[in-house]
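Below is one structure, written out as structure tokens; comments come after it.
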Amino acid sequence: MLRKFAAVALSVALLSPAWLSGTGLTLPVALVPLLWIESVQPATRRGWWGMLGWAALVFVLWNAATVWWIGYATPVGPVAATLVSASLNLFAFMLFHTVSKRAPRALASTVLVAAWITTEYWYTAGDFSWPWLVLGNGFSHDVWAVQWYEYTGVFGGSLWVLLCNILFFEAWQARRSVRRWVAAGCMLLLPMLLSLGIWLSWE
């Protein structure tokens, strides 16, 4: 139980800096602790509800830590934004969790990426638009690393973050697999090196 609370705190600590005037370079591993919690939850109804609680705690704390400033405009704002945003995050993650306990991990990971980006897009394109916590928006202080956004848009950044988290978690699970660590490292570094090339060649 204490290890899970520590994992929740670590995920929140890694997710939040990008929206608190810090770096977004923690985002590619920010969901790894939460993915660990998901992997050890039993495939039972009780395990499902337990996962719902752990994931809700991560997303509510992350949202609350990064949207508190809306309270200067309206006291209801932070509560409403946290509830809606955390609910969308929770929907995507719990869909992933449900699939992961019944289907191959590759399919579950695909569901996580697709559901997360779909909810982000819906949140930014709907009548109640709130793009603040789109994962791809977390690199405002690291623009040198995401110059390729001119081709993919901000959702390309969300895709990159999610894939990095999935690959680093898989590498951590198979700690002795050099192949998995190389795959995770390439997923992280190659887009950054491409971006750096664009950044340095700009005129």
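The values are calculated or read from the model by the stated rules, or taken from the named source; none is laboratory data. Bear in mind the structure is a predicted one, so any value in this text is a computation, not a measurement. So basically every Cβ, Gly included, is an ideal-geometry build from the backbone, and we count neighbours across all protein chains shown. Please note that ligands, DNA and RNA were not included when accessible areas were found on the heavy atoms of the full protein model with its side chains. Shrake-Rupley method; radii C 1.70, N 1.55, O 1.52, S 1.80 Å.
Just one of the listed residues (Ala65, Ala6, Ala55, Ala81) is open to solvent by 20 Å² or more (accessible area, probe 1.4 Å), touching a residue at least 40 places away in the same chain (Cβ under 8 Å) and of a type in the set (Gly, Ala, Ser), and it is Ala65. Condition check for Ser21 on (1) in contact (Cβ under 8 Å) with a residue 12 or more places away in the chain; (2) part of a helix (DSSP H, G or I): one failure, at (2). Can you find even one residue in region 176-195 that is under 26 Å from Ser39 (Cα atoms), basic (Lys, Arg) and surrounded by 14 or more Cβ atoms within 10 Å (Cβ to Cβ)? Yes: one or more hits.
Of the helices (runs of 4 or more DSSP H) lying entirely inside region 88-203, those containing at least 3 residues that are among the hydrophobic types (A, V, I, L, M, F, W, C) and modelled with pLDDT of 95 or more span 105-125, 154-173, 178-201.
Set side by side, the residues Ala55, Ala43 differ, and just one is farther than 30 Å from Ser195 by Cβ and touching a Leu at 6+ places or on another chain (Cβ under 6 Å), which is Ala55. Note on region 102-126: residues that are open to solvent by less than 60 Å² (accessible area, probe 1.4 Å) and either hydrophobic (A, V, I, L, M, F, W, C) or touching a residue at least 12 places away in the same chain (Cβ under 8 Å) (or both) total 13. Screening Leu162 on (1) open to solvent by 20 Å² or more (accessible area, probe 1.4 Å); (2) at negative phi shows it passes everything except condition (1).
For region 135-156, the criterion of being surrounded by fewer than 17 Cβ atoms within 10 Å (Cβ to Cβ), among the small types (Gly, Ala, Ser) and more than 25 Å from Ser21 (Cα to Cα) is met by no residue.
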